[in-house]
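The values are calculated or read from the model by the stated rules, or taken from the named source; none is laboratory data. Only a predicted model underlies this, so the values are computations on that prediction, with no experimental measurement involved. Ideal geometry is used to build each Cβ from the backbone, glycine not excepted, and the neighbour counts take in all protein chains shown. These accessible areas exclude ligands, DNA and RNA; they are computed on the full protein's heavy atoms, side chains included. Shrake-Rupley method; radii C 1.70, N 1.55, O 1.52, S 1.80 Å.
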Amino acid sequence: MEGQSVIIYERRKQFMGDGYINIDVAKATYRKASDDWKLFWMRRDMKWHGYELTMFHEDIESVFRCVDEDECCAFWG
């Protein structure tokens, strides 16, 4: 959680060493005025961009389903 946002990340083992790294893949921000969630994806420029295919969701479960299905390979490559 980060303010009104939920960050979804992938935890990977480091290439060299024994540690792990977290890679941000999606962010959902709750918009109180419209009572919905806006979905973003992390592009290679390391900035959040609105996920244009299905940007707005009624609930957080819908966001999780969208990220999990990853219809356009934006989140998981």
With the requirement that a residue be under 11 Å from the mean Cα position of the chain (by Cα) and surrounded by fewer than 11 Cβ atoms within 10 Å (Cβ to Cβ), what does segment 35-67 give you? 43
Can you pull out the residues in segment 1-16 that are part of a loop (DSSP other than H, G, I, E, B) and over 18 Å from the mean Cα position of the chain (by Cα)? 14, 15, 16
Restricting the search to segment 6-16, which residues are closer than 19 Å to residue 56 by Cβ and free of Cβ contacts under 8 Å to residues at least 24 places away in the same chain? 7
Would a scan of segment 17-34 turn up a residue that is without any contact (Cβ under 8 Å) to a residue 40 or more places away in the chain, over 24 Å from residue 57 (Cβ atoms), assigned to a loop (DSSP other than H, G, I, E, B) and open to solvent by 60 Å² or more (accessible area, probe 1.4 Å)? yes
Residue under evaluation residue 53, criteria (1) part of a strand (DSSP E or B); (2) in contact with a helix residue (DSSP H, G or I) (Cβ under 9 Å, 6 or more places away or on another chain), criterion not met: (1)
